[in-house]
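The values are calculated or read from the model by the stated rules, or taken from the named source; none is laboratory data. Bear in mind the structure is a predicted one, so any value in this text is a computation, not a measurement. Heads up, the Cβs are rebuilt from the backbone with ideal geometry, glycines too, and the neighbour counts pull from every protein chain shown. Accessible surface areas use protein heavy atoms only, side chains included; no ligands, DNA or RNA. Shrake-Rupley method; radii C 1.70, N 1.55, O 1.52, S 1.80 Å.
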Amino acid sequence: MKISGVGALVAMAAAWALGEPKAAGYPFDGQTGFAVSNMAEVIPAGHFTVSAWVRLPEVSRSQMFLTMGRPNQDFSLYLYNGAVRMLVEGAEGQYGFATAPAPVSNVWTHYLGSYDGKAARIYRNGVLEGQKKVPLQRPAFTCPLTVGVTAGDGDRILKGSMTDIRIWSRVLGAEEVKAVYGDEPRPGLGEGLVSRWNTHATDTVIENGVKGAPCLAKIQPVLAAIQNRKVDGFRGIWYYNQPIQSEYVYKYSGGLGTYCSSHSPFAWYAPEVKKTFFCYGGTDEKNSTLLHLVSYYDHATGQVARPTLILDKRTDDAHDNPVINLDDKGYLWIFSSSHGRGRPSYISRSVKPYDIDRFQLMWTGNFSYPQPMYYPGKGFLFIHTWYVAGRGNYLMTSNPDGTVWSERKQTAYFEEGHYQISAAWKAKKTGVAFNMHPKGKGLNYRTNLYYIESDDFGATWKNARGEALATPLDAKANPALVAEYESKGRNVYLSDIQFDSAGRPVILFVLSKGFESGPANGPREWRLAHWTGSEWKESFTGIASGSNYDVGPVYLESDTAWRIIGPTQLGPQPYNPGGEIALWQSEDAGATWKKVRQMTRGSEMNHGYVRRPVNANPDFYGFWADGHGRKPSASRLYFCNQGGDVFRLPQTMDGDFAVPERIQ
C-alpha cells in the first residue's frame, strides 16, 4: 500500500484498525537517542529482521531509526533522501539497500527490514516495497546498536516518535510481517525474537520485553574527542543515587570524584620521576557534567600540577569515573568507564612517558567498574564488569603495548550478578574478591564473599587453597566461597584487597543489615577475611561506621603492622556516605585495632572514598573527596601522608603548579 495525497487518510484509518501504537512512544528530540553495545553477538549477519513504528513531523530531513555503526556499516534502517532504506554491508566497504516510500508527516508508519544473506528487503505497513541483492561475504557484525542516533555523529538524529522496536535472529515470512504490522498473535512469531522495546514518553532506560535481553540506555551520540586542555583547579563531581523518603534523602550521595570501590586504581606513584599521578571524576562550576581529569603531585617540590582535561563524559553519573595505570615504559593510561552499556567507554594513553599534557585514544568499546593491572613485559590484565544479563565478572588482556586486546572472558556470573574488587601481587598473580546479588531480590541486595586468583595472566583461575576452578563460576555454592552471609540476612559491601608477604589475600569489607540509609541497618561493621595458608580467618576490626558506602583501604606495611584509613567516624551528615577520616593501626596482623588519629574533624561536609595509590609513597598515602551528603554541593579533593596529615587540593589555580593547603 502506497500513500499519497488523500490516500493518507485511508492509510491512517487502516493503520489504526491494525497495529498502530495507542501510546505516544518516546519523543526523540533531535539531540539524544538510545544504545546497547553487545547486540552484534545476537544478530546473525546472514539472517535477521528489524522493525519499528515511527511518526515524524518532518520527513524531508535524513533521520536514523536503527543502526549498527554508521549508515554504511553492518546495517541501518533509516530515512534518507526522501525514502526509507534497509541497508546492509554485505562485505567490508560494500553495501546495498532496498527502499520504501517515506512516511507521511505526523502519521504512524510501520517499517520492517530483513536480510537473508542474499538480499535486503523492506516492508512498509506490512507490504513489501523493495528488495536488493546484497551478497554476504563477512562472518559477523561488529558495531554497537543505536536507536534514533548514530554513535559519534550529530547528523541524522531522529526528531519524532518511535516505539515497538523489535529484532529477530531470523528472517520473517510475508504472513509474519503482516502479523507484526497488525500486532496480531501468531504461532511461532516469538521464535528468534531477541529484543522488543516499547518506549514511553518518560523513558531514560527502555526495558527489553524479551527476558534476559539487554535494555536500551539514553545517550548523547556525539562525544567530544580527547580534549587535552588545562583547567583552572580541582573540582570533584557531586552525585546521588536513588532518592529515598527519609531524612537521609538518598541511598548514597556526596562528593564522588574517587568513587567507587570497584574502580581502581585512582593514583600511582612513579619512583623514576618521584611523582604520584592521579585521576578523578571532576566537573564544571555548575556540576553539570562529568570530566575525566589527570594531574600529579611532585614529591620533589611539594606541588600539584594544573589538571589536564582528557574528555567530557557528557553525563553526571560518577559510575563513569576514570582510573589510571602506568606501563613499564612510563606511559600513563586512563580507562574511562561507563555505567552499563548505554554510553561508550574509552582507553587513552599519554603521548609521552610520565607526562600529562597530551593523551591519545587507544580503544573504544564498553566496560564498567574498571580494574586494569599492568604486568611488565606482558600487558594489561583488565578486570571489569560487563552488563549482559546483569553484572557479570569479565577480563580482557592486551599485548605489552596495549594496542591489541583479547576477547572478553567471563570468570563468574550466577544468581543476578556481582560487584568485584581486585589487586595484583608483585606482578605474579591477580586476586579477585566478589559478592553476589541473590536471585529475585534486586541489585540493592548483595551478600556472600568469594575469592579467586590467577597466576597465569588470567588463563586459569584457582581458589585460595590452590584448587582449580571451572570458570565461569555459575552457582553460588562453589569452591571460591569465603564466607556465607545470605542465610544471616547480611549485605556485603567490598572495600579493598591486599596481600601479605607470602601472597595470601586480605579482604576488607563492610557488613550491614540492609541497603537503606540510617542507623536501623547498623552497625556497619568493617571486617577482614585473611587467608592463613590453610583457612579463611574472618574477623571484626572493631570499627563500625554510619553508611554502607564508607570506603577506605587497608595497608599491609609488614606482616604484623597493618593500617586502615577511612571515613569511620560519623560526619556532619551522619549516616550518609562518608564522615570524618580516621587512621587505625594494628600491630598483630589485624587481630586488634586502635584508632591512633582522627585526621579530619569539624568538617562542613562528609569525606569519603579514600583510595590507596599503587606503590604508595609516604607523602601521598591516601586520596579522596568531600561533599554534602543530602544536597548538591561543591566537592573538594584531598590527600594525606602516612602519618595522617591532610592536604586539600586548590579549587582554583593561577599558575601551572600550586602548593596544596594543609588542613589538619
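So is Ile347 among the β-branched types (Val, Ile, Thr), farther than 14 Å from Phe278 by Cα, open to solvent by less than 10 Å² (accessible area, probe 1.4 Å) and in contact (Cβ under 8 Å) with a residue 12 or more places away in the chain or not? Considered against the rule, which asks whether it is among the β-branched types (Val, Ile, Thr), farther than 14 Å from Phe278 by Cα, open to solvent by less than 10 Å² (accessible area, probe 1.4 Å) and in contact (Cβ under 8 Å) with a residue 12 or more places away in the chain, Ile347 comes out as yes. Of all residues in the stretch 501-534, which are part of a strand (DSSP E or B) and of a type in the set (Lys, Arg)? Result: Arg524, Arg527. Scanning the stretch 519-555 for residues that are of a type in the set (Phe, Trp, Tyr) and either within 29 Å of the chain's Cα centre (by Cα) or open to solvent by 50 Å² or more (accessible area, probe 1.4 Å) (or both) yields Trp526, Trp536, Phe540, Tyr549, Tyr555. Just one residue in the set Gly342, Gly392, Gly417 is open to solvent by less than 10 Å² (accessible area, probe 1.4 Å) and at positive phi; that residue is Gly417. Scanning the stretch 38-70 for residues that are open to solvent by 10 Å² or more (accessible area, probe 1.4 Å) and over 25 Å from the mean Cα position of the chain (by Cα) yields Pro44, Gly46, His47, Arg55, Pro57, Glu58, Val59, Ser60, Arg61, Ser62.
Yes/no per residue for (1) open to solvent by 10 Å² or more (accessible area, probe 1.4 Å); (2) aliphatic (A, V, I, L, M); (3) modelled with pLDDT of 95 or more; (4) more than 21 Å from Cys143 (Cα to Cα):
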{"position": "Tyr78", "(1), (2), (3), (4)": "no, no, yes, no"}
{"position": "Gly82", "(1), (2), (3), (4)": "yes, no, no, yes"}
{"position": "Thr109", "(1), (2), (3), (4)": "no, no, yes, yes"}
{"position": "Lys118", "(1), (2), (3), (4)": "yes, no, yes, no"}
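Please verify whether the stretch 292-312 includes one or more residues that are part of a loop (DSSP other than H, G, I, E, B) and under 18 Å from the mean Cα position of the chain (by Cα). The answer is no; no qualifying residue exists. Of all the criteria given as (1) under 28 Å from the mean Cα position of the chain (by Cα); (2) farther than 18 Å from Cys640 by Cβ, the one not satisfied by Ser558 is (1). Every condition in (1) open to solvent by 10 Å² or more (accessible area, probe 1.4 Å); (2) in contact with a His (Cβ under 6 Å, 6 or more places away or on another chain); (3) under 21 Å from Gly608 (Cα atoms) holds for Asn287 except the one numbered (2). Tell me whether the stretch 432-447 contains one or more residues that are surrounded by fewer than 19 Cβ atoms within 10 Å (Cβ to Cβ), polar (S, T, N, Q), touching a Phe, Trp or Tyr at 6+ places or on another chain (Cβ under 7 Å) and outside any strand (DSSP E or B). Among the residues of the stretch 432-447, at least one is surrounded by fewer than 19 Cβ atoms within 10 Å (Cβ to Cβ), polar (S, T, N, Q), touching a Phe, Trp or Tyr at 6+ places or on another chain (Cβ under 7 Å) and outside any strand (DSSP E or B), which makes the answer yes.
Being open to solvent by 50 Å² or more (accessible area, probe 1.4 Å), at pLDDT 95 or above, farther than 13 Å from Ser51 by Cβ and not aromatic (Phe, Trp, Tyr) is a property that does not hold for Thr142.
Scanning the stretch 614-664 for residues that are charged (D, E, K, R), farther than 29 Å from Tyr374 by Cα and either open to solvent by less than 30 Å² (accessible area, probe 1.4 Å) or out of contact with any Asp or Glu (no Cβ under 9 Å at 6 or more places or on another chain) (or both) yields Asp626, Lys631, Asp645, Asp656, Glu661. Within the stretch 290-306, restricting attention to residues that are touching a strand residue (DSSP E or B) at 6+ places or on another chain (Cβ under 6 Å) and among the polar types (S, T, N, Q), the residue that is most open to solvent (accessible area, probe 1.4 Å) is Gln303. Look at the stretch 461-473: where a residue is closer than 12 Å to Tyr451 by Cβ and a partner is outside any loop (DSSP other than H, G, I, E, B) and among the β-branched types (Val, Ile, Thr), sitting 6+ places away or on another chain with Cβ atoms under 8 Å, you get Trp461/Thr411; Trp461/Ile452; Lys462/Ile452; Asn463/Ile452; Ala464/Val482; Leu469/Ile452; Leu473/Thr411; Leu473/Ile452.
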